[in-house]
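This report concerns only the one structure given below.
The values are calculated or read from the model by the stated rules, or taken from the named source; none is laboratory data. None of these values were measured; they are calculated from a predicted model. Backbone-built Cβ (ideal geometry, glycine too); neighbour counts: all protein chains shown. Accessible surface is based on the protein model in full, side chains and every heavy atom, while ligands, DNA and RNA are left aside. Shrake-Rupley method; radii C 1.70, N 1.55, O 1.52, S 1.80 Å.
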Amino acid sequence: MTLIPRCYHCCNRSSRFIIILAFVFASKGGGLGGVLGRYVTGGSRSAFVSAVNPSSSSTSAMSSSSENTADECSTLLPSKVTHQQDPKNLWLYHVETTTSTMDEARKIVESITTDDTDANPKSFLISAASQSQGRGTTQRNWKSSQRGNALFTIGIPQSAWMVDLKKKNHGSMVPLTLLPLKVGSLVAQQIQRSLEDCVQDDKHQGMSNAAPKVTVKWPNDVLLKQSSSTQSSYEKVAGILIESAKDWFIIGIGINVGYAPDIPKEGSDYGRQATCFSQYCNATASADANDDDDDNEEYWVGVSKKLAVDIAYDLHSWLHSTPDEHLSSIDEHSGGAILDKWKSFLDWDMELVLRDTPKRERVRLTGVMADGRVIVKEVETGTTRTLVADYFL
């Protein structure tokens, strides 16, 4: 594959970024939390060497670089960016540091034209090694300047959900309010796979750690459950924030891989305590890194970037699959299938606290409606209520 350096403003629409002969793809950051809108709310250039299948093992071999291009031309997009095109038209971007991958996603959306759809991505992924202004629901701060966590945003056209998905679902509209649950299921599934893999590797080194149970918290978080003889604890490992940008949905996802950020117990940024992969399978990282802190960090960066690409590819493949590719699961695009998958990660016994009410009532889920709303029962009074856009601790 021949790579030709060029500036954004002088390139054709199929080549939107500076392309040089070095590939950079490293991912890190913190977690983002969010819900669809209360459902919908309105550095140096680098390049790619070749297109790959993001789910393949070659993803984990991608290395980081700080190489700059000689020319300095302004663009609408990050000044330090990696661009890679997947054969199935999932575009992959990486920026070493940024305010937020959601900000970068908006820039990408602004750069996409509507008059030449064949040259545009069907989906895109933008990841970052660090961010200075990570945010969660209701603009809560999320600490994400330290390297070692997965921080990324996936962009999907609104038409992919509103039009294309309807066609796949025998002409029936899939409620937009199920989008956070679909994404949550994909994130939970990949977290479970990654944790099982690294715990299994630890066992090969004589460790006896057990993988924690991966659970979901309505509507936008993924938790890890640890049980003892007396109680169970649920700590946050990932969060999702979905917003709209022009005719795209941008889906911010943060996964705590190498470290768990400190979460305030009071104040505007208070929330559920965090956990991370390394608390359950650090032996593998330490062995690979030979006890070097920098190498240990890079190990988790590698795990993070593979998670980002695999999750983006899962969502992209699910949205843009053809009927022939899913003969064994024809109804997987239905609202019922989305709910069933999400509920398979749900712990019905988990006690939740309403985050933004004066009394912070304790509740338990008793049902999930077809459009994604949930029915809860208050622990103290037994009163039931239906929630549409509330948040839990």
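Within the stretch 197-209, is there a residue that is among the polar types (S, T, N, Q) and modelled with pLDDT of 90 or more?
Filtering the stretch 197-209 down to residues among the polar types (S, T, N, Q) leaves 200, 205, 208-209.
Among the residues that remain, those that are also modelled with pLDDT of 90 or more are: none.
No, the conditions are met nowhere in the stretch 197-209.
Results for (1) over 16 Å from THR215 (Cα atoms); (2) of a type outside the set (A, V, I, L, M), shown as yes or no for each residue.
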residue	(1), (2)
GLY336	yes, yes
ASP347	no, yes
ASP356	yes, yes
GLU361	yes, yes
GLY372	yes, yes
VAL376	yes, no
GLU380	yes, yes
THR383	yes, yes
THR386	yes, yes
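Would you mention how many residues in the stretch 114-127 are modelled with pLDDT of 70 or more and either surrounded by 20 or more Cβ atoms within 10 Å (Cβ to Cβ) or within 17 Å of PHE249 (Cα to Cα) (or both)?
Count: 8.
Sort through SER232, SER244 and tell me the only one that's open to solvent by 10 Å² or more (accessible area, probe 1.4 Å), small (Gly, Ala, Ser), out of contact with any helix residue (DSSP H, G or I) (no Cβ under 6 Å at 6 or more places or on another chain) and more than 23 Å from VAL388 (Cα to Cα).
Working: SER244 fails: more than 23 Å from VAL388 (Cα to Cα).
Being open to solvent by 10 Å² or more (accessible area, probe 1.4 Å), small (Gly, Ala, Ser), out of contact with any helix residue (DSSP H, G or I) (no Cβ under 6 Å at 6 or more places or on another chain) and more than 23 Å from VAL388 (Cα to Cα) holds for just one of SER232, SER244, which is SER232.
So how many residues does the stretch 335-393 have that are open to solvent by less than 50 Å² (accessible area, probe 1.4 Å), of a type in the set (Val, Ile, Thr) and closer than 30 Å to SER172 by Cα?
Residues of the stretch 335-393 that are open to solvent by less than 50 Å² (accessible area, probe 1.4 Å), as a first pass: 335-339, 342, 345-347, 350, 352-355, 357, 361, 363, 365, 367-368, 371-372, 374, 376, 378, 382, 387, 389, 391-393.
Narrowing the set further to residues that are of a type in the set (Val, Ile, Thr) leaves 338, 353, 357, 363, 368, 374, 376.
Still in the running and closer than 30 Å to SER172 by Cα: 338, 368, 374, 376.
Residues that pass the stated criteria total 4.
How many residues are small (Gly, Ala, Ser), in contact with an Asp or Glu (Cβ under 9 Å, 6 or more places away or on another chain) and modelled with pLDDT of 95 or more when one looks only at the stretch 128-158?
0
Look at the stretch 295-308 and say how many of its residues are modelled with pLDDT of 85 or more and over 15 Å from LEU151 (Cα atoms).
Of the residues in the stretch 295-308, 1 are modelled with pLDDT of 85 or more and over 15 Å from LEU151 (Cα atoms).
Which residue is farthest from the chain's Cα centre (by Cα), if the candidates are limited to the stretch 262-294 and must be open to solvent by less than 10 Å² (accessible area, probe 1.4 Å) and at pLDDT 70 or above?
CYS281
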